[in-house]
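The values are calculated or read from the model by the stated rules, or taken from the named source; none is laboratory data. Please read these numbers as outputs of a predicted model, since none were measured by experiment. Methodologically, a virtual Cβ is constructed for each residue, glycine included, from the backbone with ideal geometry; neighbour enumeration extends over all protein chains shown. We work out accessible area using only protein heavy atoms, side chains counted, and drop any ligands, DNA or RNA first. Shrake-Rupley method; radii C 1.70, N 1.55, O 1.52, S 1.80 Å.
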Amino acid sequence: MGLLAFLKTQFIVHLLIGFVFVVSGLAINFLQLCTLVLWPVNKQLYRRFNCRLAYSLWSQLVMLLEWWSCTECTLFTDQATVDHFGKEHVIIILNHNFEIDFLCGWTMCERFGVLGSSKVLAKKELLYVPLIGWTWYFLEFVFCKRKWEEDRQTVIEGLKRLSDYPEPLWFLLYCEGTRFTETKHRVSMEVAAAKGLAPLKYHLLPRTKGFTTAVHCLRGTVTAVYDVTLNFRGNTNPSLLGILYGKKYEADMCVRRFPLEQIPLDEKEAAQWLHKLYQEKDALQEIYNQKGTFPGQQFKPSRRPWTLLNFLFWATILLSPLFSFVLGVFASGSPLLILTFLGFVGAASFGVRRLIGVTEIEKGSSYGNQELKKKE
């Protein structure tokens with residue numbers, strides 16, 4: 001085992017990475033708070049500032065994927081689709097099967113220059129998560145309780161606010177509403193059968209309200225829908241902890257572009273279009289399982305140095321005073337001071353682990369289990 005490989009497995013190194021992410025994130029949140037004075041004066045300038053501040057935080061996670069674990073991301077699509085990347089407002093539909101599916105999506109956003117302006121329809125609980133939810137709030141993310149009667153007006157207003165966004169916008173929708181599990185899949189297919197819908201083998205039944213509302217509200221702003229189907233080679237089950245330990249994964253992403261004018265205006269017909277899309281996604285997953293590859297031409301967009309340089313910038317600023325402080329604590333010889341410091345380290349470790357826990361499948365949302373609870 002080489003020195004770098006050894007360091008990637010060490011808890012203290014993980015703690016230092018977490019320290020840089022958390023402290024820089026709090027500093028970025030403070031700067032975002034300061035930019036609020038720009039909103040009534042120049043809304044677009046406020047947005048451009050926040051895109052770059054968000055990039056400085058999220059790119060640290062992308063750095064872990066690209067430079068720390070050296071995970072490879074391959075696109076399966078066509079040249080015409082690639083030529084549109086980063087040059088238009090789009091809605092992204094991504095399957096929700098893996099703990100790091102969002103991180104693979106962010107990697108593609110970064111490589112095509114839209115990481116800071118990427119957005120997602122997120123559950124409202126995340127709004128209260130430090131760093132993650134706070135940053136999303138300043139970026140005008142759309143939050144929902146996932147109770148459509150309560151969410152409808154909030155979602156419509158949030159989407160319409162994005163109609164004049166100044167930078168290329170990639171708006172992510174997890175149409176399944178929650179991560180795939182075998183239990184949720186069984187219940188979902190029972191619902192599909194009751195509604196007379198075609199069964200899906202690798203996906204949950206898509207929730208159509210968010211999609212049809214997004215298409216309706218962003219029509220005239222968004223020019224296309226990108227359907228993305230993600231898989232990992234070797235039937236691996238990647239995790240953020242695996243990334244932190246430097247484990248390398250190979251992600252394959254099949255991307256199909258649908259001009260928005262191909263999606264029906266009528267809400268019911270648009271919902272039918274989405275169901276048909278998920279049947280096609282299921283077929284793509286079947287092809288991948290059988291052949292180990294997606295159809296289409298392969299593209300491997302080059303990773304850019306900015307994520308690494310950004311992390312090194314924050315690490316240089318934050319770790320130097322930290323090391324000086326730690327040396328001072330132990331040089332003092334004070335048991336109380338040393339124990340207080342170790343307690344702080346333990347609390348920081350717990351906090352970082354809780355942030356990682358947000359991505360874990362087994363700790364994911366119970367959304368989609370309502371029908372199961374009724375049966376029980």
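Output needed for the range 262-334: three equivalent-ellipsoid semi-axes, defined as square roots of 5 times the C-alpha gyration tensor eigenvalues, in descending order, whole Å. Before the final figure, lay out each step's value.
On the way: eigenvalues 567, 76, 47 Å².
For the range 262-334, the ellipsoid semi-axes come out as 53, 20, 15 Å.
Kirkwood Rh over alpha-carbon pairs of the chain, then Stokes-Einstein at 37 °C and 0.692 mPa s: what D in µm² s⁻¹, rounded to an integer? Before the final figure, lay out each step's value.
Details: Rh = 22.2 Å.
Here the translational diffusion coefficient equals 148 µm²/s.
Express in whole angstrom the spacing between the alpha-carbon centres of the range 274-347 and the range 178-221.
30 Å
At q = 0.19 Å⁻¹, what log₁₀ I(q)/I(0) does a Debye calculation on the Cα points of the range 1-156 give, no solvent, two decimals?
-1.38
Which angle from 0 to 90°, rounded to the nearest 10, does the C-alpha axis of helix 101-111 make with the longest principal axis of the chain?
Rounded to the nearest ten degrees, it is 80.
Sort C175, C70 by heavy-atom solvent-accessible area, probe 1.4 angstrom, most to least.
On the way: C175 5, C70 50 Å².
If we order C175, C70 from most to least accessible, we get C70, C175.
Just to make sure I understand: if all protein chains stay in place, what is the order of S163, S117 by accessible area at 1.4 Å, largest first? Intermediate values should be presented prior to the final figure.
Numbers: S163 60, S117 5 Å².
Order by accessible area, largest first: S163, S117.
State, in angstrom, two size descriptors of the range 71-199 derived from its alpha carbons: Rg to one decimal place and Dmax to the nearest whole number.
Cα radius of gyration and Dmax of the range 71-199 are 16.4, 44 Å respectively.
Work out the charge dipole of the chain with +1 on the Cβ of Lys and Arg and -1 on the Cβ of Asp and Glu about the Cα centre, then indicate which of T178, Q262, T74 is farthest towards its positive end.
T178
Near the amide H of T74, under 5 Å away, which other amide H atoms are found, from residues 5 or more places off or on another chain, if H is placed in the peptide plane?
Counting only residues 5 or more places away or on other chains, the set is A251, D252, M253.
What aspartates and glutamates could a cross-link reach from K145, if we take a straight Cα to Cα line under 13 Å and drop same-chain neighbours fewer than 8 places away?
K145 reaches E125.
Cut-off under 21 Å on the C-alpha distance; same-chain residues fewer than 8 positions from K281 excluded. Which lysines are left, in chain and number order?
Partners found: K184, K195, K201, K209, K268, K291.
Ignoring ligands and nucleic acids, what accessible area does T213 show with a 1.4 Å probe (Å², nearest 10)?
The value for T213 is about 20 Å².
Please compute the Cα-Cα pair-distance distribution of the range 51-92 with 5 Å bins starting at 0, giving whole percents from short to long.
Percent of pairs per bin, in order: 5, 16, 15, 19, 26, 16, 2.
If amide H atoms are built 1.01 Å from N in the plane of the peptide, which residues on other chains or at least 5 residues away come under 5 Å of the amide H of A224?
When sequence neighbours closer than 5 places are left aside, the close amide H contacts are I91, L260.
May I ask you to evaluate 6.51 cos²θ - 1.76 cosθ + 1.60, the Karplus curve with θ = phi - 60°, for each residue of the range 330-338 and list the ³J(HN,Hα) values in order in whole Hz, giving x for glycine and proline?
In residue order, the calculated couplings are 6, 6, 5, x, 7, x, 5, 5, 5 Hz.
Which one of S332, G86, N289 is farthest out on the positive end of the charge dipole of the chain, using unit charges on Cβ (Lys, Arg +1; Asp, Glu -1) and the Cα centre as origin?
Going by the charge dipole, the pick is S332.
With the other protein chains left in place, how much accessible area per residue, in square angstrom, belongs to the chain at a 1.4 angstrom probe?
Working: 18110 Å² over 376 residues.
It amounts to 48 Å² per residue over the chain.
Which value, in Å² and to the nearest 10, is the accessible area of S324 when all protein chains are kept and the probe is 1.4 Å?
Here the residue's solvent-accessible area equals roughly 80 Å².
Got a sec to turn the phi values of the range 293-308 into Karplus ³J(HN,Hα) couplings, 6.51 cos²θ - 1.76 cosθ + 1.60 with θ = phi - 60°, whole Hz, x for Gly and Pro?
7, 8, x, x, 6, 8, 10, 10, x, 5, 6, 9, x, 5, 5, 5
Which whole-Hz couplings ³J(HN,Hα) result when phi for each residue of the range 61-67 is put into the Karplus expression 6.51 cos²θ - 1.76 cosθ + 1.60, θ = phi - 60°, listed in order with x for Gly and Pro?
Karplus values, whole Hz, x for Gly and Pro: 6, 5, 4, 4, 5, 7, 9.
Show L53, L65, L327 ordered by accessible area, largest first, where the area counts protein heavy atoms only and the probe is 1.4 Å. Don't jump to the answer; show the numbers that get you there.
Details: L53 35, L65 0, L327 125 Å².
Accessible-area ranking of L53, L65, L327, largest first: L327, L53, L65.
Which cross-chain or sequence-distant (5 or more) residues have an amide H under 5 Å from the amide H of L121, H modelled 1.01 Å from N in plane?
L172, Y174
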